[in-house]
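Working notes for the structure below.
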Amino acid sequence: MNLLDQAAGDHGWRLARTFAFGWSQFWVLNPPVVLVTTLLPRAVMQALFFTMLGRYVGGPEHAGFVLVATPAITLPLMCTVNIVEVIMVEKWSGTFWRVRRGRVHPVLVLALRAWPFAAVGLVTSLIALLAAGLVVGFGDLGRHLPGLVPIYALMAVSMCAAGLAGTALALGRRADIVVGNLLAYLVILASGAFLPIERLGALQPLAWLLPGSHAVAAARAIADDQPWATQVVLEAAVGACWLAVAAVAIWVQLRRARRHGHDDFV
């Protein structure tokens, strides 16, 4: 094995370990008992609330309209709110300097640690979706899930990218929790999950910028046997843009930390 192959192997090993560490870190910060007794019930209750509210406001048709889009309502719990832990745990522990000085670029480290939030958020959202469907009388929704799960997975990834970007942008202001929750409510409002995007008025441009709206449109198109590929491409593009914003924001914070000689991000 030459030196180039050995270096590539070492780098691949570091990436794999970082990926695995993300899973371990997630369960330390979110133990199964917390997930089962707090986070999952909250996702189920959110899905039930908005679906039943849709049924009350617009009847069964609007309940179905909301139900297909409930992951856009429940995913932000993990993907824009809880995901702040990926970056903030290093700041709280005073160990970000290790990430900053490691051989794997910090942006890649943080991205590899973020995947459990997308994965667990997707699973809890699917459970919430099925629970809401059974309660409001859409028990046959399960037959649509094979085609919808990839769309919801893409939605989870794009929301995680936005969550990382929001956290990185807020570090210098010590407003990570505020930004995470603000993103969550903006996604719920502007994704078209409850109200059609056309009824948002002056807020309609938010739907083009925030993750979730194109994935919601694609999910509804699949459920109605309509063309959906364009919306998937647009959702992927929105997620890529948010990931780029996250990378730039983290780079700025790294430069600030080097300039000040500490990781307080002030």
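Read the figures in this text as sums done on the coordinates, not as results from a lab. For clarity, every value in this text was computed on a predicted model and none was experimentally measured. Note that each Cβ is placed from the backbone with ideal geometry, even for glycine, and that neighbours are counted across all protein chains shown.
What to note about this one:
- Positive-end extreme of charge dipole, region 3-260 - chosen from Met45, Leu210, Gly64 (charges on Cβ): Leu210
- The chain - percent relative contact order, Cα under 8 Å, separation 6 or more: 23
- Extension gain for Trp251-Leu134 works out to 37.5 nm (0.36 nm per residue, less the C-alpha to C-alpha distance).
- Kyte-Doolittle mean at least 0.5, axial Cα span of 20 Å or more - DSSP H helices of the chain: 40-67, 106-135, 145-170, 176-190, 229-260
- In the chain, helices alone account for a calculated mean residue ellipticity at 222 nm of -24500 deg cm²/dmol, with every DSSP H run of four or more residues adding -39,500 (n - 2.57).
- Ranked by the mean number of other Cβ atoms within 10 Å of their residues, highest first, the peptides 221-230, 90-99 fall in the order 90-99, 221-230.
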